[in-house]
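> What follows is a structure written as structure tokens; I'll ask about it next.
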Amino acid sequence: MLRSAKQTDLDCMSIVKVLIIAKEHWITLDLKYRLQRLGYKTTVALEDFQDKISAEQPDLVLLDRQSVESEIMGAIEAAQLPALCFNAENQPFEIPVDLPYLTNPYQETFLDTAIRSTLRQHRTQLKLAQQLNDNQNQLQLLHTVDHELRTPLSTILITSDWIELIEQEELSARSLQKLDHLALARNSVRQMADFLDRTSLFCRCQAGKLVWKPIQINLSAFCNTLIAEVDQIYRSANIDFVCMSSNLVIEFDEMILRQILINLLSNAVKYSNCGSTVYLKLICHSERMIFQIQDSGIGISERDRDLIFAPLYRGSNVEAIPGTGMGLAIVQQLVSVCRGSITVESTPAIGSTFTVTLPVKA
């Protein structure tokens, strides 16, 4: 037997419990029977609404306009329940609070639709609130990690330098071996320090504490310098810079622009096939500049595409390629700070194209 979309939708939401609060007893009974015919579980509260909310734990409160009082609204808000206001007189009305409302509670189709819509909106708000709370907890964790690790990392680097000076005085085979191990340890510490710098930058962006320091930048020279830096880090880098503009001197924050491009270029090289070309294209208009970074690498799956800008998230196909999951999160935050935009087009095993659009005067 085929089931209607409406029935299936109701099943997905399970049996919804509705608490009806109204001044007149006949109104509550009328709505109670209508809701029961629609498949809802209902209960009624006339004066003992707080006890009813606590005992019944409804999914939604259906509230008569005449019952919109501070005490009732306070109890509903304390229980974090969605509320739908109605007018028993079946006429347009206004209420002094920001609530969804229903002008015709006796038309069952309208009643059912309004309840479903209110429940969906409430559940969406709860999910967004939970995501915000999760993000805040994540930021606090990153801030704590940054604070706790910086001092011991500095101590390790200072100690390594001191040991290196002692070992250099001997220059024995054993000392040279120790120096090699010290170099490896120092490199690991610097990688961790770089991760903490990225974390700190991300936290400052999220907290709105990033200081804007604009200077004059020649974009052509700037991009060529960044390409040289990436080439120093990744010996297999093959980056082709394509400049499609003549007006290339702008006023912008050098650190922010550098972090955006260096992260995208590094990712493009790191996740590309050895020897393949990465393209950095620049178009600069009077009001905006557009950077496009295109690679022929492993690409990004559709499942990962909506998550790649989340801090610490790494794609499902990166396998053993090293990374921290902070680069794209930082890029998105910095682009947002500049009131710009970033988009990505990607096909697994073919490559990715990131397009960053920034206002010339952010």
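> Going by what's in this entry, would C274 be described as outside any loop (DSSP other than H, G, I, E, B) and hydrophobic (A, V, I, L, M, F, W, C)?
Judged against the criteria, C274 is not a match.
> Just the residues that are in contact with a Ser or Thr (Cβ under 7 Å, 6 or more places away or on another chain) and modelled with pLDDT of 75 or more, please, taken from region 85-108.
Scanning region 85-108 gives N87, P100.
> Another one. Please enumerate the residues belonging to region 300-340 that are among the acidic types (D, E) and assigned to a helix (DSSP H, G or I).
If the condition is that a residue be among the acidic types (D, E) and assigned to a helix (DSSP H, G or I), then E302, D304 are the ones that fit.
> Still on this model: All but one of (1) touching a helix residue (DSSP H, G or I) at 6+ places or on another chain (Cβ under 6 Å); (2) surrounded by 12 or more Cβ atoms within 10 Å (Cβ to Cβ) hold for F222; state the number of the condition that does not hold.
Going through (1) touching a helix residue (DSSP H, G or I) at 6+ places or on another chain (Cβ under 6 Å); (2) surrounded by 12 or more Cβ atoms within 10 Å (Cβ to Cβ) one by one, F222 breaks only (1).
> Just wondering, is there one or more residues in region 13-30 that are in a loop (DSSP other than H, G, I, E, B), of a type in the set (A, V, I, L, M) and exposed (fewer than 13 other Cβ atoms within 10 Å of the Cβ)?
Yes: one or more hits.
> Exactly one condition in (1) among the aliphatic types (A, V, I, L, M); (2) modelled with pLDDT of 70 or more; (3) in the same structural domain as T199 (by TED's automatic domain parsing) is not met by L111; state its number.
(3)
> What tally of residues in region 30-57 results from selecting those that are in contact with a strand residue (DSSP E or B) (Cβ under 8 Å, 6 or more places away or on another chain) and within 14 Å of L81 (Cβ to Cβ)?
7
> From the list D295, D304, which residue is of a type in the set (D, E) and at pLDDT below 90?
The match here is D304.
> Could you grab me the full set of residues in region 279-317 that are surrounded by fewer than 16 Cβ atoms within 10 Å (Cβ to Cβ) and among the β-branched types (V, I, T)?
Hit for region 279-317 is I283, nothing else.
> Please enumerate the residues belonging to region 179-230 that are polar (S, T, N, Q) and part of a strand (DSSP E or B).
Scanning region 179-230 gives Q216, N218.
> OK, next. When I250 is evaluated against the numbered criteria (1) in contact with a helix residue (DSSP H, G or I) (Cβ under 9 Å, 6 or more places away or on another chain); (2) within 23 Å of T353 (Cα to Cα), which criterion, by number, is the only one it fails?
That leaves (2) as the condition not met.
> Residues in region 191-213: is at least one surrounded by 15 or more Cβ atoms within 10 Å (Cβ to Cβ) and in contact with a Phe, Trp or Tyr (Cβ under 7 Å, 6 or more places away or on another chain)?
For region 191-213, residues surrounded by 15 or more Cβ atoms within 10 Å (Cβ to Cβ) and in contact with a Phe, Trp or Tyr (Cβ under 7 Å, 6 or more places away or on another chain): absent.
> Answer with yes or no whether T343 is more than 14 Å from N263 (Cβ to Cβ) and outside any helix (DSSP H, G or I).
So T343 passes the test.
> Also, I was wondering about something else. Kindly provide the set of residues from region 346-362 that are under 20 Å from I298 (Cα atoms) and in a strand (DSSP E or B), ordered by number.
S346, T347, G351, S352, T353, F354, T355
The values are calculated or read from the model by the stated rules, or taken from the named source; none is laboratory data. Keep in mind the model is a prediction, meaning the values are calculated, not measured. Note that we place each Cβ from the backbone using ideal geometry, even for glycine, and neighbour counts take in every protein chain shown.
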